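None of the figures in this text is laboratory data; all of them are computed from the coordinates on show. Predicted model only: the values in this text are computed from it and were never measured. Don't worry about glycine lacking a Cβ; one is built from the backbone with ideal geometry, like all the others, and counts go over all protein chains shown.
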Amino acid sequence: MPTFSDLSRAAYCLRQCYYVRRDDDRAPPPEVEARRRLAFEYADRRDAADAILERLPIEPSPATYRAALDRLAARDDWDELADPSERSVRLHGKDCRGVADKLLAGDPPTPTFVSPGTPPESGVWKPQRVRAVAIAKALAWEREREIPRAIVEYPAYGVVRTVRLTTRNRAAYRRTVRHLRELDGPPPRVDDRSKCESCDYRTECGVKTHSLRSLLDATRR
Ligand code: SF4
């Protein structure tokens, strides 16, 4: 059964997902874990001094980061975001399995996924939308109730975005599940070659790129 991460990667590039599964190459680099930890430190960082924030893997200036955390603190779900009722919850859905980084208590509960990467200007990158839908659907399957939304957190920016299970997002999820089920041998390369610039498999894949993007650009997966 595919993992949430497989689905996200397949939505980014199915061929990359094929390579990763073939090599069982799923361990995230240490920088990723350091960034993801920030999602569990929001409350402590709101009043942190510049010198402390400058030592952390955050992207904006300390003042901008504190202002972003203040905006988070104004949300209705702030208490749960900062100190979630459940953490690292293993989920086993009908189509896929994996871990929800947080479960925010509520009726219904809201699962979150913590991204180490950069948020788009608005909304959520498509692979992360697919992953958020996968998490919500797996939770719905386990709890036998509708879960209408999931949250994607970008803690290096103090930004949190909601993914609703709209018809469009559900369709993208179902399409990705189907593509993964049909995966049998290396699929075609992606048409959007800008995706290849941050891909660890570009040499093997035979794709030529003009520049290497930073690791963090890869977090659109
Ligand atoms: S180099 Fe491009 S086409 Fe090849 S696996 Fe990576 S992202 Fe996909």
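If contacts are Cα pairs under 8 angstrom and at least 6 residues apart, what is the relative contact order of the chain in percent?
26
As a test of the formula, what do you get for the chain when each DSSP H run with n ≥ 4 contributes -39,500 (n - 2.57) and the sum is divided by the residue count, at 222 nm and rounded to the nearest 500 deg cm²/dmol?
Value at 222 nm, helices only, nearest 500: -11500 deg cm²/dmol.
By how many nm would the segment from Lys208 to Ala51 grow when fully extended, if each residue of separation counts as 0.36 nm and the alpha-carbon distance is taken off? Write down the numbers at each step before the final one.
Details: separation 157, 0.36 × 157 = 56.52 nm, distance 4.11 nm.
Here the segment from Lys208 to Ala51 would lengthen by 52.4 nm.
At a threshold of 8 angstrom on Cα-Cα distance, excluding pairs fewer than six apart, so keeping six or more, what relative contact order does segment 29-132 reach in percent?
Once normalised by length, the contact order is 20 percent.
So, with +1 on the Cβ of K and R and -1 on the Cβ of D and E, and no other charges, what is the size of the charge dipole of segment 122-164 about its Cα centre, to the nearest 20 debye?
180
Using DSSP, restrict attention to beta bridges with both residues in the chain and report what percent are antiparallel, rounded to the nearest 5.
Antiparallel: roughly 80 percent of the beta bridges in the chain.
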